[in-house]
Amino acid sequence: MRTLTRGLAAIAAAAALTAGGLVPATAAEPVIDPQGYWSEARLRAAAADELPADQLPADGLPADGLPADGLLADDGSAARAGDRTLVWGTITPANHTIGRLFLRTPTGDTSCTASVVDSATKNLLITAAHCVHPGGPGNAYYTNFLFAPGWNNGPSAHGYWTGTAVGAPAEWTQNKKWDHDYAFVRLAASGGQQLANRVGGNAVVAGAGQAQAKVQVWGYPVLAPYTGQTAQRCDVSTTRVNSYAPDARAACGFTHGASGGPWLKDVQSSGLGSVWAVTSRCESPPAGGSACAGTALFAAPLPPAVFALRDAVGG
């Protein structure tokens, strides 16, 4: 993602499958041959969330481009971020529904965070739209998607899963609207099994309020004090940015590399929960710029139309 200099975009997408909104299940879809393109060396070298320079800072998650104490809504109105308790991520036992999504962009290899969600075909991930497509008309989806569930200094026992189709809302692919920054990736079966049947799948929830208690925010942040090699989790209560913008704010200290990570609520003892948003942006430092301040993340509740996109890509 690119630094947002004029306000905060929200994640609240209509999932209409207009032209450019879905890569169909045809020979043109982004299919990986893990034996042909990806290698352990390539995977190790893929910098977390390092998307093209015309879309993102050189290494990461888009900052909102505003000082930490001055947020703007889409209409340009100012609001105070206020003082909030910061939560640094903690290394946790691997949740194998969450992992690193490796991909190929025109400028090189990279990775984001993604999570397995329940679907009829048990083969679906949710992540950020900017992790799969640069946004705007005339642009193609990224390619060579490969998911490593439970990545922990390398692949877990569940190995790697190949992406076969990907879809983002048309509001993103046609208009690059940052308030539609979510997407789904379909995976091929492995050994005759679908991934959700092996690791489980999180529910997808639409229309949740911005203020949620007991939220788990997961990600693979890469800049210090993190390394990108272990799953991190913030346990927070989220708040609404202001009364006229749909963003939720999590006082979580993740840095670049956390894009696409799930915001889970109603987490069960099994570790499964309900994805109601995915990490889209971070708060910028007081001096501005493209870096993450390490003070907050932003997302917005997924809309009801998310289910149409989920079912189209998952099918």
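Here are a few things to note about the model shown:
- Residue among 196, 213 that is farther than 17 Å from residue 132 by Cα, more than 17 Å from the chain's Cα centre (by Cα) and open to solvent by less than 40 Å² (accessible area, probe 1.4 Å): 196
- When the strands (runs of 3 or more DSSP E) confined to region 127-222 are screened for residues that are at positive phi and in contact (Cβ under 8 Å) with a residue 12 or more places away in the chain, none reaches at least 2 such residues.
- Residue selected from region 176-193 under the condition open to solvent by 20 Å² or more (accessible area, probe 1.4 Å) and closer than 11 Å to residue 124 by Cα, by the criterion nearest to the chain's Cα centre (by Cα): 186
- Restricting region 223-273 to residues that are charged (D, E, K, R) and at negative phi leaves a set whose member that is modelled with the lowest pLDDT is 247.
- Scanning region 136-184 for residues that are farther than 24 Å from residue 42 by Cα and in contact with an Asp or Glu (Cβ under 8 Å, 6 or more places away or on another chain) turns up 171, 172, 177, 179, 180.
- Matching residues in region 253-270 - criterion: being open to solvent by less than 10 Å² (accessible area, probe 1.4 Å) and either in contact with a His (Cβ under 7 Å, 6 or more places away or on another chain) or closer than 18 Å to residue 126 by Cβ (or both): 254, 257, 258, 259, 260, 261, 262, 263, 264
- Under the condition of being part of a strand (DSSP E or B) and not aliphatic (A, V, I, L, M), the residues counted in region 92-122 number 12.
- Where residue 166 falls short, out of the listed (1) closer than 27 Å to residue 296 by Cα; (2) at pLDDT 90 or above; (3) open to solvent by less than 20 Å² (accessible area, probe 1.4 Å): (1)
- Among the residues making up region 271-299, those that are assigned to a loop (DSSP other than H, G, I, E, B), among the small types (Gly, Ala, Ser), buried (at least 24 other Cβ atoms within 10 Å of the Cβ) and within 17 Å of the chain's Cα centre (by Cα) are 280, 296.
The values are calculated or read from the model by the stated rules, or taken from the named source; none is laboratory data. A quick note: this is a predicted structure, and the numbers were derived from the prediction, not measured. Positions of Cβ are backbone-derived with ideal geometry, glycine not excepted, and every protein chain shown enters the neighbour counts. Each accessible area value is taken on the protein alone, full model and side chains, heavy atoms only, with ligands, DNA and RNA left out. Shrake-Rupley method; radii C 1.70, N 1.55, O 1.52, S 1.80 Å.
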